[in-house]
């Protein structure tokens, strides 16, 4: 059996089943949907055991050279605490694990996040005005005006009237332009996925039909 | 005339689906390829940065995506890998997404085979490691502690090209091909801003507007956004008939169809509002 062709056919049939939803909900779509969800769940369980639990925990507790590192029992116990959520009486234990995850994550990323997404962005907005060619300066001014007027729009402690209101209007206009750009990019992404599927169906799957039927070599 | 506009406004969505499908399928069947001029864009910035790296430099590519975003990111991966190999730059691959390691392996091994590059001397794949940003911070102090072996369990010490590499600072550039989180933002935050390593990247079109802000501040040296970014890099590297370049014809025609429907929808809406039917 040619496994490659079998794989291509399975991929094509499941793709067509999923696209059939565009006409209306139907059993083929339901089958493909359930297949996808079930296979994803199964795949992730095995992948996590093989690639996360065994190398990062089990092999460290029981190293290849022998022995037993009892310290690694601690993360194991915390992992079991996470599963306590499914037993209502001891569900509170999971908070210990979640607390540790959130605490470590926040501690490690708080300063970095502020530096990367606040300080550097503010600096980039302020200092961009003074450098570059005339076009760069113009672009930078648009950026600064956009940022300030956008912030003004979200300032609700003062009525949006007079100069303040006009600035807020500039802000909402710039926000709409930004949303439009995001919408355009989103369409590009979705169409790209459709193109990928169509290229697969037309260039990989369709040529296998004559081969299977013994037409055209 | 008013009825006509009303009918337009209530057009069956399945007709739109068919037209979009035709707009994509017909250009693919007829092999249509549109010119893809590349201006002074973030794609060119990334290309120029890679082009300016000296031979023998080490570049880390993190394949942070999975098959669901392959149409956009795999052509980027192949074009970037080809460019790096052409420049005789060593590539160390890794992934923050589990399936990214396999997709990266496909991109690197296929390009390496065509250019005669040798695994473990010119390129290697360290594989997937969980942890996202926290793991990147650890890479900043010791790479071999995080990746004692590569994807195929070959020991770090047995891979010749890794002998001079100790931490993230051993790399001239880090490129993240990212479909979401963890991805480019984690690399900018934990590697770029923390350890001062230049960061470049490629991303899906959905996340491109969010990431453009890192270009203006200089936190990224260049970026490929969506299929257009992939087509740009293919053009700059000189790949003829690449997957992304071929995808730009159906992409453009589908966009025209969508824009036509946006215009039709607005005309129908305004007409109905004039009549007093829509609010």
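Worth pointing out:
- Inclusion of residue B:230 among residues that are touching a strand residue (DSSP E or B) at 6+ places or on another chain (Cβ under 7 Å), closer than 20 Å to residue A:198 by Cα and crowded, with 16+ Cβ neighbours inside 10 Å is warranted.
- Residue list for the range B:102-131, restricted to those being touching a strand residue (DSSP E or B) at 6+ places or on another chain (Cβ under 9 Å), farther than 23 Å from residue B:55 by Cα and part of a loop (DSSP other than H, G, I, E, B): B:129
- Test: residue B:71 is in the same structural domain as residue B:152 (by TED's automatic domain parsing) and at pLDDT below 95: yes
- Here residue B:98 fulfils each of the conditions (1) part of a loop (DSSP other than H, G, I, E, B); (2) touching a strand residue (DSSP E or B) at 6+ places or on another chain (Cβ under 8 Å); (3) modelled with pLDDT of 95 or more apart from (3).
- Filter result for residue A:122 (out of contact with any strand residue (DSSP E or B) (no Cβ under 6 Å at 6 or more places or on another chain) and surrounded by 14 or more Cβ atoms within 10 Å (Cβ to Cβ)): no
- A single entry from B:151, B:138 fulfils the requirement of being assigned to a loop (DSSP other than H, G, I, E, B), within 14 Å of chain A (Cβ to nearest Cβ) and at pLDDT below 95: B:151.
- Residue in the range B:131-154 that is within 24 Å of residue B:246 (Cα to Cα) and either buried (at least 22 other Cβ atoms within 10 Å of the Cβ) or not assigned by TED's automatic domain parsing to the domain that holds residue B:233 (or both) present: no
- Residues that are under 16 Å from residue B:228 (Cβ atoms) and touching a helix residue (DSSP H, G or I) at 6+ places or on another chain (Cβ under 7 Å), drawn from the range B:256-274: B:258
- Residue A:167 vs. criteria surrounded by 14 or more Cβ atoms within 10 Å (Cβ to Cβ), in contact with a helix residue (DSSP H, G or I) (Cβ under 6 Å, 6 or more places away or on another chain), in a helix (DSSP H, G or I) and more than 13 Å from chain B (Cβ to nearest Cβ): yes
- Residue list for the range A:170-211, filter: at the interface with chain B (Cβ under 8 Å from one of its Cβ atoms) and more than 26 Å from the chain's Cα centre (by Cα): A:202, A:203
- Counting residues in the range A:181-189 that are loosely packed, with under 14 Cβ neighbours inside 10 Å, in contact with a helix residue (DSSP H, G or I) (Cβ under 7 Å, 6 or more places away or on another chain) and closer than 15 Å to residue B:210 by Cα gives one or more.
- Taking the listed residues A:150, A:214, the one that is touching a helix residue (DSSP H, G or I) at 6+ places or on another chain (Cβ under 6 Å) and either farther than 27 Å from residue B:74 by Cα or at the interface with another protein chain (Cβ under 8 Å from one of its Cβ atoms) (or both) is A:150, with no other qualifying.
- In summary, residue A:45 fulfils each of the numbered conditions (1) closer than 20 Å to residue B:98 by Cβ; (2) at pLDDT 90 or above; (3) more than 23 Å from the chain's Cα centre (by Cα) with the single exception of condition (3).
- Subset tally (residues that are crowded, with 20+ Cβ neighbours inside 10 Å and either at the interface with chain A (Cβ under 10 Å from one of its Cβ atoms) or out of contact with any strand residue (DSSP E or B) (no Cβ under 8 Å at 6 or more places or on another chain) (or both)) for the range B:218-227: 4
- Residue check for residue B:215: at pLDDT below 95 and under 30 Å from residue A:122 (Cα atoms): yes
- Of the residues making up the range B:235-262, those that are more than 14 Å from chain A (Cβ to nearest Cβ) and either free of Cβ contacts under 8 Å to residues at least 12 places away in the same chain or part of a helix (DSSP H, G or I) (or both) are B:235, B:236, B:237, B:238, B:240.
For (1) loosely packed, with under 14 Cβ neighbours inside 10 Å; (2) within 30 Å of residue A:40 (Cα to Cα), each residue gets a yes or a no:
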{"site": "B:5", "(1), (2)": "no, no"}
{"site": "B:10", "(1), (2)": "yes, no"}
{"site": "B:15", "(1), (2)": "yes, no"}
{"site": "B:52", "(1), (2)": "yes, no"}
{"site": "B:57", "(1), (2)": "no, no"}
{"site": "B:61", "(1), (2)": "no, yes"}
{"site": "B:75", "(1), (2)": "no, yes"}
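The values are calculated or read from the model by the stated rules, or taken from the named source; none is laboratory data. Treat the numbers as computed from the prediction; the structure is a model and nothing was measured. Positions of Cβ are generated from backbone atoms using ideal geometry, with glycine treated the same way; all protein chains shown enter the neighbour counts.
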